[in-house]
1. Send over the semi-axes of the range 1-127's equivalent ellipsoid, whole angstrom and largest first, taken as the square roots of 5 times the C-alpha gyration tensor eigenvalues.
2. What is the local net charge at LEU125, summed over the other residues whose Cβ is closer than 12 Å to its Cβ (Lys, Arg +1; Asp, Glu -1)?
3. GNM on the chain, C-alpha springs below 10 Å: top fluctuator among ASP258, ASP216, ASP108?
4. Amide H to amide H, which residues 5 or more places from THR88 or on other chains are under 5 Å from it, using H placed in the peptide plane?
5. Is any helix in the chain, taking whole DSSP H runs, at least 15 angstrom long along its axis by alpha carbon and on average at least -1.0 on the Kyte-Doolittle scale, and which ones?
6. Summing Lys, Arg as +1 and Asp, Glu as -1, what charge do residues with Cβ under 10 Å from the Cβ of ARG201 carry, ARG201 excluded?
7. With charges only on Cβ, +1 for K and R and -1 for D and E, what is the dipole size of the chain about its Cα centre, in debye, rounded to 20?
8. Throw me the Rg/Rh for the range 168-304, computed over C-alpha atoms with Kirkwood Rh, two decimals.
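Since every read-out is calculated from the coordinates, none of them should be taken as a lab result. Note that the structure is a prediction, hence the values are computed from the model and not measured. Because the Cβ atoms are built from the backbone with ideal geometry, glycine has one as well, and the counts that use them run over all protein chains shown.
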Amino acid sequence: MRIGLTGGASTPDKIINQAKKAEAEGFHHLWFASVVQGDPLVSMALAGRETSTIELGTAVLQTYTSHPFLLAQRAASVTAAMGRPGFTLGIGPSHAGHIRDEFGLSYDRPGRNTEEYVRLLTSLLRDGGVDSTGEEWSAHIRPGTVRATEPVPVLLAALSPRLLRVAGEHADGAVLWMAPAKAIAQHVEPRLTAAAKAAGRPAPRIVAGLPVAVHDDETEARAAVNANAVMYASSPAYQRIMAIGGATGPGEAAIVGDEAKVERQLQALLDAGATDIWAQPVPLGADPRASLRRTRELLAGLAG
């Protein structure tokens, strides 16, 4: 199984150590949110220099807060600083509560905004330039201006039919959060794969992100997930994808149970069409550290 973890720590040194440890344990990737260390790309570039094989990806950087040309230049800078392949750029439009209420930006047409953004960004990373005027985003950059030393795969945080089409047509796949196996099999994979095929693109990557807890008391584990996932429970986008997957909330969508049950649930994600698993271990019980260790040991064993 290709398994990765949620990345992030309080200082760049700790992030570097986190990446080195994950690589030594056999994990395939680490995924960093947009709020890690203010700008996760700085810490990721440092961690990439201290590791050799582990993939470092963003899950996800917000599109609205950075012009596609600026983000393409930042991504190219990360690959140059790392000095090796292994950086993946996960992006997404975020949510109205962040973009409109916190940043004061319009969130009236997130679908169109994201589609234009992805078209520009992928052209910039592929060709080094782009000449396009859109309703939401425009760029007129000479070819060869953006110079990435390594290819930068782009994954889109896509849950809706429109963004799944965009991810298949223009990006390298989708990075998901809170999508159960049923939602991947019936909603995500068919749309994403059909769009990629129609556009003449390779089979898309599907990174399935979910909370994971190896714990004997499943009720306690699901309660712990719910307590730590209030934001996701109230988000319409996550509510819809969980409902498609037959889950009423994060606790039901999560991967929980003893070692055997968790392994079966992870395999079900792959059987549904996921290519990679992004696990977020959840601490719980009387000894949260021991709980995390148990979960991490199983995941590392399956990754190895």
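1. Working: eigenvalues 143, 53, 32 Å².
Value: 27, 16, 13 Å, ordered largest first.
2. Values: positive: ARG74, ARG119, ARG126, ARG147; negative: ASP127, GLU150, ASP172.
Once all neighbours under 12 Å are counted, the net charge is +1.
3. Ranking ASP258, ASP216, ASP108 by mean-square fluctuation puts ASP108 first.
4. LEU56, GLY57, THR58
5. Details: long enough: 12-25 (20 Å, -1.17); 68-82 (21 Å, 0.96); 110-127 (25 Å, -0.76); 259-272 (20 Å, -0.35); 288-303 (22 Å, -0.28).
Sorted by number, the helices that extend far enough and score high enough are 68-82, 110-127, 259-272, 288-303.
6. Details: positive: LYS197; negative: GLU169, ASP172.
Taking every Cβ under 10 Å from that of ARG201, the sum is -1.
7. Numbers: 29 positive and 31 negative charges, 114 e Å.
So the magnitude is around 540 debye.
8. Numbers: Rg = 15.3 Å, Rh = 15.3 Å.
Ratio of gyration radius to Kirkwood radius for the range 168-304: 1.00.
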